[in-house]
Structures are given as C-alpha cells and as structure tokens.
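Written below as structure tokens is the structure these notes are about.
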Number of protein chains: 2
Amino acid sequence: MKQKPTLKVIARELDVSVSTVSKALRDSKEIGEKTKERVKAFAKLYNYRPNNIALSLKNKKTKTLGVIIPEIVHHFFTTVISGIEKFANEQGYNVIVGLSNESFDKEVINLDMLANGSIDGFILSVAKETLSKQDFHHIAETIDQGIPIVMFDRVIDEIPCDKVIVDDVATSKKAVQQLINSGCKKIGIISTMDYVSVGKLRTRGYLEALNHNDIEVDFNAILKIDDKFHAATEHEALEKQIEIYFESNPEVDGIFAVNEIYAITAMKIARKLGKSIPEDIQFIGFTDGVLSQHAYPPLTTVSQHGFEMGEEAARLLIERLEKQDEETESYQTVVVNTEIVERETTK
Amino acid sequence: MKQKPTLKVIARELDVSVSTVSKALRDSKEIGEKTKERVKAFAKLYNYRPNNIALSLKNKKTKTLGVIIPEIVHHFFTTVISGIEKFANEQGYNVIVGLSNESFDKEVINLDMLANGSIDGFILSVAKETLSKQDFHHIAETIDQGIPIVMFDRVIDEIPCDKVIVDDVATSKKAVQQLINSGCKKIGIISTMDYVSVGKLRTRGYLEALNHNDIEVDFNAILKIDDKFHAATEHEALEKQIEIYFESNPEVDGIFAVNEIYAITAMKIARKLGKSIPEDIQFIGFTDGVLSQHAYPPLTTVSQHGFEMGEEAARLLIERLEKQDEETESYQTVVVNTEIVERETTK
DNA sequence: AGTTGCCACTAAAACGTTTTCGTGTTGACA
DNA sequence: TGTCAACACGAAAACGTTTTAGTGGCAACT
C-alpha cells in the first residue's frame, strides 16, 4: 500500500524545505530551475496530489456544493442534479447530495451537517413538510451565516436568495389552452395541495386559461391530492382518489395534471373506466420524464428542462461564491423557459 | 451576517485557553464544573459547531463516502443511492456523488478528484466504457493508496474488493423458467453486449434455463443491443434494432429483457406489430422500477432491491473504514436476493 | 515542614497546505 | 573594498481542531 506523499515527505526526501517544495510545484519564480525540475520529477514519480482538506482549511473554501432535494428517486430531480453536476464539475466543484425525504427535520439536519464548513453553498428544493409548516428559520439562518443558497422549483418567496424557476402559471395556462384548442369542453386539473408552491401556481394558470376563454370554473373538477409528503408509498390511495374524482366528474374530456405520476395514474383509471385516449379524454402532464415518454399512449407533457435548471442553479451559486467580496449585487431569479412536447394523449 | 464562532474566539471572549474550551465542550473531567457551564452556555448562545474541515484534517478521515455511478437519471441507481444515503446518514456519514456518464475518462477524473482526501472510501458501479476497455488501473491504484472501494451491480472480478451483487444467472434462469411455465414455446432475450458483466451473466441464466428444459437454443433469438455507452440518446436506434429482431423472429412468444427500457420498448414494438400482451407474447424485465410499474400493461419484472443493495454497500464500506487497523479480514461479496414481481405481462 | 497527589487549567504540537517575511550567498558596481 | 540588488531558499504563521504533556496551586498526609 502506497501512502500518498505529502509536501513534508518530499521535502525530507529531497533535503529541501517544505516551502521550497510547495513553491516549486506552483512554479514560483523564487525557486531555481534545477530545484524545480528535481521537485517536479519527484512529485510526478510518486504521483503527488495536494490534500484537498488541507487546502480547504487554508482557503476557507471547499469547492463543493451541497444539493438538498426532497427525493432522488424522481426523474425531474435527477435531471436537475445532472445539470448541476455538469456545470459544477466544469468549474472544478464537487457535489454532495442530501435527501430530505420531504421531511422538515431531515432538511434541517442536512443543512446543519453540511453548513459546518463542508460546503461553500447550497442548492435547495424545499421539502413539502417545510412548505406546509411555513417554518423557514433554518434556511434564513444558513444564509445569515454567510452561506449562499440557490432555490429551484419549490421556492420560498419570503426568503431573499437566488432562484431558478419555471413560469408555472404561464406554462400551465398554455397547456390548458392547448387542451381547449384541441376541442376539450370540460377540463379538469389534478394538482397538489396549495402549500406546494408549484401546485398552487399551476392551478392558477389553469384558472386563468379557463377565464380567458370564458369557461365557467367548476370547482368539483379541481382535484387536490393530499399525499402526506410522500407519493411513492401511497399509490393505491392516489388511485382511489382519482377514481372517485372521475366518477363524480363523468363529463371531463381533458385533464391537466401537475406531474407525471398523477397524469399516468389518471390515464390508467380512465382506461379502466372504458374511456379511450385521446378520443374520449385528453391528457397533458407537467414535468417531462421517462414515464411520459414510455407511457401508453406516450403522454403529452410540458418539459421543464430540468438539466438546464440545474446548470442555471449551479451557475448562479458559483458566480456568487467566486465574487463574494465584490459588490453584493442583488439576488436574481432566473426563469427557464418551458416547452410542450406533444405526444399521443392530445389530438 | 453572523460569522461562525471558532474555539479561538470563544476562548478569547471567556478569557480561557483554546484547549479549555475544547475540553469543556467535550465534557472532559479535566475541567471544573463552573467553567464547563460557562463555556457551554456561551457556545449554545452563539450556536457553535466544530468546523468539519478542521476535524477532517486532524482525524485524517472525512466521514464522507464517494459514490460514483454511470448515470443518475436511472431508477435503479437512484434507488441504490437512497439506500446508501440512508445508511450513511445514520452512521454520521455524508455522500458525495460523481457521475461517470458511462465514460472511462470521467470515471478516472472523478476517482482522482475525490481521492485527494475528500472522501474516506468509494462505492462504485463501473462505466460501460471502462468495462469494454478492460482498463482498471485507476481502480487498482485507488485501492493501493489505501482507499477502500465497494463495487455494486457492475463489478470487476479481477479486482479484489467488497462487492454487492445479485445472483444474475440464477435470477435470470428463474425468470425464464417462469416464462416457460407460463406456456411460452419460443423465448427470446434482449441483452447488452457481453462486456457488460450483468448482461453476460443474465444471458447465461437464460441459456441455462433453456438447457435445463431441453429447449434448443436459437442464437437468432438472442439480441445484444450495442448502445455505445449511452442509452438515453439513442432511443430510435434501439427501437429499430428491436423491430428488426421481431421481424426475423416472428415466432417468439416470450421475451426476457435485461432491463426495463429494453422490455418496455420491446412491448411497444410488439404492440405496433399487432401482437397482444400477454396473450400473443409475454414479457419479463430485469430491474424493477417506476417504468415497469406504470407501463401498459404493467410489466412483470425481477426486482433487484436496489435500496437494499445501497444499504449493504454502505454497510460494507463503513465497517471496513471503522475497523481499519484491526485484522484485515478478507473481502466479502454479498449477494442480495431477488424477487419476481408478477404484473400483467405474464400469464 | 516537606512530600505527595489532585485539581483546573495552559502550552504546544500535529494534521497538510500556502504565504509572508527573512536571510545568507553571490555577483556587479562604484 | 564596501554596498546593494538579485537570487535561492528557509522559518514560521495561519486555517480550526484535538490531545499530550506539562504547570502552578492547594489540601492532605506523614
């Protein structure tokens, strides 16, 4: 087992001082040519790499980003992570991920564990429980300690920081409009509870589209799923809620769902109820992912461009980190554009 | 902006020495009761937390695990990460993820970036390109430097280290047997190229099942997809290959696919060709994920229990880390059991 | 009174870097 | 010959901890 050499052992071996070695490796002009050669040759031979931890301690920056998301088994979030990773790596940063599992406590713990010097800044999508409790002290405190945070997707208006979002209301409006244009007479929405910011905004877009077309709003056609912070484990409950919904709304011929799972589950129930897609009922989902692509029939969705969102978030964070001392420019919120990818659940 | 206090500022403020503060906080019996009280109160008031980086430097361990996977937008891998995260967090470890994107170079870079003190050990699933090049020097060198590695799923036999796998051949054999039991007369397999260890092993299981039932092997019914290291971007190519396959194998009435995507894509093509599932043709996939659950019809698959694999991998790694000095017990490879979850693509 | 032992605390080293400030040797120049 | 700059290098501090090895004072014991 070859131990990693340190400056100290190189210095001892070459009979020079530690500082000489350090300077030689950084090609300082203080050091003579032959010594530089000697040191570099030795370093290469023994595959010397500076110890990152020591550097972090010295520089007071770790060159790593903390990403905290509600869950990782979720196509949208992984796409975002990919974008973050790519950008971060290009800039020489690492990414450390924390999972909140939609839980307030785990979010607090994660923030806390990493805020002790392990990372330079956070990229965060807020847990549902946090959203519903409206308790944001941990986030505010982190920022107050000088650790920058960038929020994406699920965002908190009251907290001043950089944000990366999608224009949820405009996009939803556009999606519903498309349903209308395709001939739907009675359009329903399957959304989340209002404390989830995006659910609320997408519902607003839905309402705006109806109003804009002078269609009367039927509040029975608005289904707000209460999934107790964790969709994965409660799938039967979800199906049940949707089934009841369809039974009490037999005349809907268009569904706008705020995420893939809701859309696909609704399609399944609709099929079970004997409706054919898209002839009897059309569907548009939000958040384009593998599920939509491979659904039967392939689902028309609005793509949020998660990869791009990740890149943007990483860019915002790293830019802020690198010019920390310069003028503290005010916070930005970048809106990444969306796109409806038409597949076979719309006419 | 409140800066995090250090031992030094607490010491100065309270007019004691740094060591006293450190000991007081760790409740050392060397320190008098009233001093302890004073220090603790002050620390709590200013929300003191020891700086992780300094600790890492001192202890020569970072309490973080490096996880390197081929891609993150993939249900199986994210499930594994969840398992790793859970176990690691319970033991006070953090997880830093690196993406190889199935590329050899990125795998090397990732290993390199993190091996410089940033992490205590690796959990790794090998990139396809690495597998096909058969160049494992980076992995061997990392281990040689004293950094333990645990491999999972895609594993390299030649490298001695802890491993977490699934009994690919036995499981595949079982899956194919099930197809046989359900009345399939001509069973095909859609696999990967042989350099992907799991593809090879699963194909072997398929062959064993046929032999065991005295069914003659038709090598034309074995399709090996060559997806040039990146399935996501080449979906049409995949469809094309499968379509050609079906046309030259019209009589197959059962398909065993080594992953979800292959299975679902094959189902789509089969449907397009007018076959009905499972009446005309049955399907079993490998790697149970959201896609299988929500496919139409819901796909029968073998579940690899990714979460459990992640937990096991983390356990192996952390155990090795914590008893580093004790007897260097030999490497383990744990085989997590699999399970066929029957849905609607089999009779 | 002198020794011993304990108590409560401090000094300093160590982890691996980078960087500031010296410092001794050389050569050139007046 | 004496002065100065340039050169090539070293010592030490600093980042924030923990830990080992003291240290001074006091009480108890002989």
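The values are calculated or read from the model by the stated rules, or taken from the named source; none is laboratory data. Note that this is a predicted model, so its numbers are computed, not measured. Because the Cβ atoms are built from the backbone with ideal geometry, glycine has one as well, and the counts that use them run over all protein chains shown.
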Which condition breaks for A:GLU319 when tested against (1) acidic (Asp, Glu); (2) in the same structural domain as A:LYS173 (by TED's automatic domain parsing); (3) within 24 Å of the chain's Cα centre (by Cα)?
(2)
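Go through the stretch B:244-271 and report how many residues are surrounded by fewer than 17 Cβ atoms within 10 Å (Cβ to Cβ) and more than 12 Å from every other protein chain (Cβ to nearest Cβ). Steps first, answer last, please.
Within the stretch B:244-271, the first condition is being surrounded by fewer than 17 Cβ atoms within 10 Å (Cβ to Cβ), and the residues that meet it are B:244, B:247-251, B:271.
Filter once more, keeping what is more than 12 Å from every other protein chain (Cβ to nearest Cβ): B:244, B:247-251.
Going through the stretch B:244-271 one residue at a time, the tally reaches 6.
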Candidate set from the stretch A:66-104 (those that are under 14 Å from A:MET151 (Cα atoms) and among the hydrophobic types (A, V, I, L, M, F, W, C)); member that is nearest to the other protein chains (Cβ to nearest Cβ):
A:ILE81
Give me the pairs, please: first residue somewhere in the stretch B:97-121 and within 16 Å of DNA strand C (Cβ to nearest atom), second residue anywhere and of a type in the set (Gly, Ala, Ser), beta-carbon distance under 6 Å, and either six or more positions apart or on two chains.
B:LEU114/B:GLY66; B:ILE119/B:GLY66
Subset of the stretch A:1-37 that is more than 12 Å from DNA strand C (Cβ to nearest atom) and within 14 Å of chain B (Cβ to nearest Cβ) - its residue that is surrounded by the fewest Cβ atoms within 10 Å (Cβ to Cβ)
A:MET1
When you scan the stretch B:185-194, do you find a residue that is surrounded by 23 or more Cβ atoms within 10 Å (Cβ to Cβ), assigned by TED's automatic domain parsing to the domain that holds B:PHE76 and in contact with a Ser or Thr (Cβ under 6 Å, 6 or more places away or on another chain), even just one?
no
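Within the bounds of the stretch A:194-209, is there any residue that is farther than 20 Å from A:THR338 by Cα, in a loop (DSSP other than H, G, I, E, B) and hydroxyl-bearing (Ser, Thr, Tyr)?
First, pick out the residues of the stretch A:194-209 that are farther than 20 Å from A:THR338 by Cα: A:194-195.
Then drop every residue that is not in a loop (DSSP other than H, G, I, E, B), which leaves A:194-195.
Now restrict to residues that are hydroxyl-bearing (Ser, Thr, Tyr): A:195.
Taking every residue of the stretch A:194-209 in turn, at least one turns out to be farther than 20 Å from A:THR338 by Cα, in a loop (DSSP other than H, G, I, E, B) and hydroxyl-bearing (Ser, Thr, Tyr).
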For the stretch B:38-65, enumerate the residues that are within 18 Å of B:LYS4 (Cβ to Cβ) and facing chain A (nearest Cβ under 9 Å).
B:ASN47, B:ARG49, B:PRO50, B:ASN51, B:ASN52, B:ILE53, B:ALA54, B:LEU55, B:SER56, B:LEU57
Please tell me if B:ALA140 is of a type in the set (Gly, Ala, Ser), modelled with pLDDT of 95 or more and closer than 28 Å to B:LEU238 by Cβ.
no
Here's a check for you: in the stretch B:1-33, which residue that is of a type in the set (Lys, Arg) and more than 8 Å from DNA strand D (Cβ to nearest atom) is farthest from A:ASP144 (Cα to Cα)?
B:LYS29
If you scan the stretch A:332-347, which residues turn out to be crowded, with 17+ Cβ neighbours inside 10 Å and among the charged types (D, E, K, R)?
A:ARG343
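Kindly evaluate B:ARG38 against the criterion of being more than 15 Å from DNA strand D (Cβ to nearest atom) and basic (Lys, Arg).
Details: more than 15 Å from DNA strand D (Cβ to nearest atom): yes; basic (Lys, Arg): yes.
Yes.
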Out of the stretch B:125-159, which residues are surrounded by fewer than 19 Cβ atoms within 10 Å (Cβ to Cβ) and within 13 Å of another protein chain (Cβ to nearest Cβ)?
B:HIS137, B:HIS138, B:ALA140, B:GLU141, B:ILE143, B:ASP144, B:GLN145, B:GLY146
Given the residues B:GLU312, B:GLU279, B:GLU239, B:GLU208, which is the only one that is out of contact with any Ser or Thr (no Cβ under 9 Å at 6 or more places or on another chain), surrounded by fewer than 20 Cβ atoms within 10 Å (Cβ to Cβ) and either touching a residue at least 12 places away in the same chain (Cβ under 8 Å) or assigned by TED's automatic domain parsing to the domain that holds B:ASN181 (or both)?
B:GLU279
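Please give the helices (runs of 4 or more DSSP H) falling wholly within the stretch B:215-300 in which 2 or more residues are basic (Lys, Arg).
Working: elements: B:235-248, B:260-272, B:290-294.
Once the helices (runs of 4 or more DSSP H) in the stretch B:215-300 are filtered for at least 2 residues that are basic (Lys, Arg), what remains is B:260-272.
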Quickly run through the stretch A:305-341 and pick out the residues that are of a type outside the set (Val, Ile, Thr), within 14 Å of chain B (Cβ to nearest Cβ) and assigned to a loop (DSSP other than H, G, I, E, B).
A:HIS305, A:GLN324, A:ASP325
